[in-house]
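First the structure, in the form of structure tokens, and then the observations on it.
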Amino acid sequence: MGILVAAIAPASGIAGQTADDAAVRVSGFGDFNYSVTDSDRREGFRLGQMVGHVTADLDEGFTFFGEVSLTGGDTEYAFEVERARLRYDFTDLFKISAGRVHTPLGYWNETFHHGSWLQTSAMRPEMIAFGNRYIPTHFVGVIAEGGLPSSSIGLDYSVGIGNGRAGDIARAGDAGDVNGHRALLASIRSRPISIAGLELGVSFYSDRLLAPDGSDANERIYALHAVLDRDGPEILAEWAHVTHDPATGTGGFPGSNAYYVQVGYQSPGSFDSVKPYARVEQVVVPTGAYVFAPLALNYDGVVVGIRYDPSRLLALRLEYRYERFEAQASSNSVYAQASFVLAGS
């Protein structure tokens, strides 16, 4: 689906632009929602996140990508720079980027960005929901990446260094690292040529963050994913294990685990615009977990829905969600969503 997005974002005509100027392409995403629920959360109509993308070819090998969003709140819309990345491509084997990106941990966070049209379901899994504190969804720093796409195993890699989580661990360190200890990350992905749509990956993230009591804590994240990205079927599975220990060296605290498994199937023939899907997911934080235990992150969820694409740039969804958040009663909700793409011209 990412290939389709690139194809529908043609160059935006700029007055006076010549062949020597940067080629600029723009596109946008948006969604409109209606929900009913038996929980105490608000229901009714809601304008979802509005997202804008811009890509500029600055020079041979140099590109800039930016992503901004507007998200509705109780009293106003919040503007956010989601991604801003300058990249230079030396070769397919080595590219280097600097800026604010989505952390290359697992599959979903690096594949489905802001704009719900991009993904099968209406919402992201809880473990990687934007604003969730389980894993850092954004990263500010420098990343080297590359791959051997023509090899039989289709190997890609990413390694990076940057600011760790902010004082609010749901956010990236946009204004600098909070304690002077840089975060490190690495990931390896394989897309075997012999099995179309298959991707297997392993990721690692290391940081020192501020615990709720103000002390420093060492963080380690280990993630695995296995994906079969086909219209029929689509199978997405991820698991992430997070450990925290005091920076003083005292260990022995239990780690936390989270996973989701999502299955979808593109209907054949004349019904190929219809895609039913289902997902199970869980976040498990033990009582004695350092850093996470006071944050009430435990979660169980089941999602069942259907996506209908009446046109190439519009998706309609009807989605049922069973959820149980920590210290809250279980809830049942139904969401109706229209998501769309705005292509440049």
Hits in the range 51-110 - residues which are free of Cβ contacts under 8 Å to residues at least 40 places away in the same chain, closer than 26 Å to ARG220 by Cα and among the polar types (S, T, N, Q): ASN109
Residues within the range 88-100 that are over 18 Å from HIS113 (Cα atoms) and either of a type in the set (Lys, Arg) or in contact with an Asp or Glu (Cβ under 6 Å, 6 or more places away or on another chain) (or both), tallied: 1
Subset of the range 203-216 (residues that are assigned to a strand (DSSP E or B) and in contact (Cβ under 8 Å) with a residue 24 or more places away in the chain): SER203, TYR205, ASP207, ARG208, LEU209, LEU210, ASP216
Yes/no for VAL36 being at pLDDT 95 or above and surrounded by 15 or more Cβ atoms within 10 Å (Cβ to Cβ): no
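Which is assigned to a strand (DSSP E or B) and out of contact with any His (no Cβ under 8 Å at 6 or more places or on another chain), of LEU200, LEU184? Give the steps one after another, and end with the answer.
Details: LEU200 fails: out of contact with any His (no Cβ under 8 Å at 6 or more places or on another chain).
After applying the criteria, what remains is LEU184.
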Selection count, the range 171-200, where residues are closer than 23 Å to HIS244 by Cα and either in contact with a Cys (Cβ under 8 Å, 6 or more places away or on another chain) or in contact (Cβ under 8 Å) with a residue 60 or more places away in the chain (or both): 4
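Taking the stated definitions as given, is ASP168 farther than 28 Å from GLU281 by Cα and either of a type outside the set (S, T, N, Q) or in contact (Cβ under 8 Å) with a residue 24 or more places away in the chain (or both)? Before the answer, list the steps.
Details: farther than 28 Å from GLU281 by Cα: no; either of a type outside the set (S, T, N, Q) or in contact (Cβ under 8 Å) with a residue 24 or more places away in the chain (or both): yes.
So ASP168 does not fit the description; no.
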Pairs with Cβ under 7 Å, 6+ apart, first in the range 129-140 and charged (D, E, K, R), second modelled with pLDDT under 95 and not in a strand (DSSP E or B): ARG133/ILE169; ARG133/ALA170; ARG133/LEU295
Residues of the range 39-78 that turn out to be surrounded by 11 or more Cβ atoms within 10 Å (Cβ to Cβ) and either of a type in the set (Lys, Arg) or assigned to a strand (DSSP E or B) (or both), as a count: 24
Number of the exception - THR250 against (1) closer than 30 Å to GLY28 by Cβ; (2) at pLDDT below 90: (1)
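Whether any residue in the range 265-275 is in contact with a Ser or Thr (Cβ under 9 Å, 6 or more places away or on another chain) and within 30 Å of ALA211 (Cβ to Cβ) is what I want to check.
Of the residues in the range 265-275, the ones in contact with a Ser or Thr (Cβ under 9 Å, 6 or more places away or on another chain) are 266-267, 273-275.
Okay, now just the ones that are also within 30 Å of ALA211 (Cβ to Cβ), so none.
No: the range 265-275 contains no residue that is in contact with a Ser or Thr (Cβ under 9 Å, 6 or more places away or on another chain) and within 30 Å of ALA211 (Cβ to Cβ).
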In the range 265-293, the residues that are within 30 Å of ASP168 (Cα to Cα), touching a residue at least 60 places away in the same chain (Cβ under 8 Å) and either of a type in the set (D, E, K, R) or touching a helix residue (DSSP H, G or I) at 6+ places or on another chain (Cβ under 7 Å) (or both): ARG279, GLU281, VAL283
Lone unmet requirement of (1) surrounded by 19 or more Cβ atoms within 10 Å (Cβ to Cβ); (2) touching a helix residue (DSSP H, G or I) at 6+ places or on another chain (Cβ under 7 Å) for SER187: (2)
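The values are calculated or read from the model by the stated rules, or taken from the named source; none is laboratory data. Since the model is a prediction, treat every value here as computed from it, not as a measurement. So basically every Cβ, Gly included, is an ideal-geometry build from the backbone, and we count neighbours across all protein chains shown.
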